[in-house]
Amino acid sequence: MKTFTMPGTDITAPAVVLGLMRIQDKSDQEVRALVGAAVDAGIDFMDHADIYGSPMHGCERRFAEAMRLTPAQREAMTIQTKAGIVKEGPYFDFSYERIVQQAEGSLTALGTDYLDILLLHRPDALVEPEEVARAFDHLHAAGKVRHFGVSNHTPGQIELLKKNVTQPLVANQIQLSITHANAIAAGVAANMGDLDQSVDRDNGLIDYCRLHDITLQAWSPFQARFFDGPFLGNAKYPELNAVIDRLGAQYGVPAEAIAVAWLTRHPARIQVVLGTTTPSRVTAAAQGSDVPLTRAEWYELFRAAGHIVP
């Protein structure tokens, strides 16, 4: 498993992360098998959110009940969670009270004294940066959260937070896959006015995060579009799957590994967040971080997914 020191932290981070949003109804044995497969593959970084499961904190609680981590096991694991979405609305709330309340709820549900990373889940149009800063300062000073970041945020939204937030924002988790790749594809088609691909809908997000040492985390790495089903084995993507299958055979790895390799090959050191609850798929996907795709192969996959290289 490829690892790197996450900028702004002392965390040795794996290139692949285990997302735990679907474990609410899994048995202790199933959760342990899933996490065990991840750890065996070199994935010691767990991704949660307060809204995963029902009621709130359901998946965090299920994880803690099933794993019953010893202090040593907890210290060896990176646990990240998110806050800011109010399910009942839905709406978003980055107030001091909401951030602190949900972070403390996550600590209780996870049965831990601290969170390694807390992310703001989706942008709050009514955000007051000084409120976020006050919440982060409180949680950090109390030793309850070691590092902070965001999810689905644009460069401008991050800059607004940084007006008051003094802690480094170490991560930005965004939807990103070979097929859902406008954040990358727009730059490739820069200055091509007749191409829809050239429209930058993410305001230079990839380059901004690289410039500011913010680790990008890719959620739904096998998703075709926004909650549109996977592209792997999808008849709508015959050319892409043909290339994936050929490269998989060439490198001796499953299709999932090639999809992951396309992301981890990028020099931004993108972390791939898996959402599967099938241990064998975790094992398969984890192999991707060690696949050394060439530039030609990376761009071949990019073109096969429907993106234009002018």
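Key figures
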{"read-out": "Where a residue in region 169-187 is β-branched (Val, Ile, Thr) and in a strand (DSSP E or B) and its partner, wherever it lies, is surrounded by fewer than 22 Cβ atoms within 10 Å (Cβ to Cβ) and modelled with pLDDT under 95, with Cβ under 9 Å and at least six apart", "value": "174/202"}
{"read-out": "Residues satisfying the stated conditions in region 281-300, i.e. under 18 Å from residue 249 (Cα atoms), touching a residue at least 24 places away in the same chain (Cβ under 8 Å) and part of a helix (DSSP H, G or I)", "value": "281, 283, 284, 285, 286, 287, 288, 289, 290, 297, 298, 300"}
{"read-out": "Some residue of region 233-249 being surrounded by 15 or more Cβ atoms within 10 Å (Cβ to Cβ) and among the charged types (D, E, K, R)", "value": "yes"}
{"read-out": "Hey, residue 9 assigned to a loop (DSSP other than H, G, I, E, B), over 20 Å from the mean Cα position of the chain (by Cα), within 23 Å of residue 138 (Cβ to Cβ) and in contact (Cβ under 8 Å) with a residue 40 or more places away in the chain or not", "value": "no"}
{"read-out": "Residue count for region 57-76, restricted to those that are outside any helix (DSSP H, G or I) and crowded, with 19+ Cβ neighbours inside 10 Å", "value": "1"}
{"read-out": "Residue in region 78-87 that is of a type in the set (D, E, K, R), surrounded by 15 or more Cβ atoms within 10 Å (Cβ to Cβ), touching an Asp or Glu at 6+ places or on another chain (Cβ under 7 Å) and within 30 Å of residue 267 (Cα to Cα) present", "value": "yes"}
{"read-out": "Positions within region 57-77 being under 20 Å from the mean Cα position of the chain (by Cα) and of a type in the set (A, V, I, L, M, F, W, C), in sequence order", "value": "59, 63, 76, 77"}
{"read-out": "Some residue of region 186-197 being buried (at least 22 other Cβ atoms within 10 Å of the Cβ), of a type outside the set (Asp, Glu) and more than 25 Å from residue 102 (Cβ to Cβ)", "value": "yes"}
{"read-out": "Qualifying positions in region 1-43 - closer than 17 Å to residue 172 by Cα and surrounded by 18 or more Cβ atoms within 10 Å (Cβ to Cβ)", "value": "6, 8, 9, 11, 13, 14, 15, 16, 17, 18, 19"}
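The values are calculated or read from the model by the stated rules, or taken from the named source; none is laboratory data. Keep in mind that this is a model prediction, so the values were computed, not measured. Quick reminder, even Gly has a Cβ in these numbers, built from the backbone with ideal geometry, and neighbours come from all protein chains shown.
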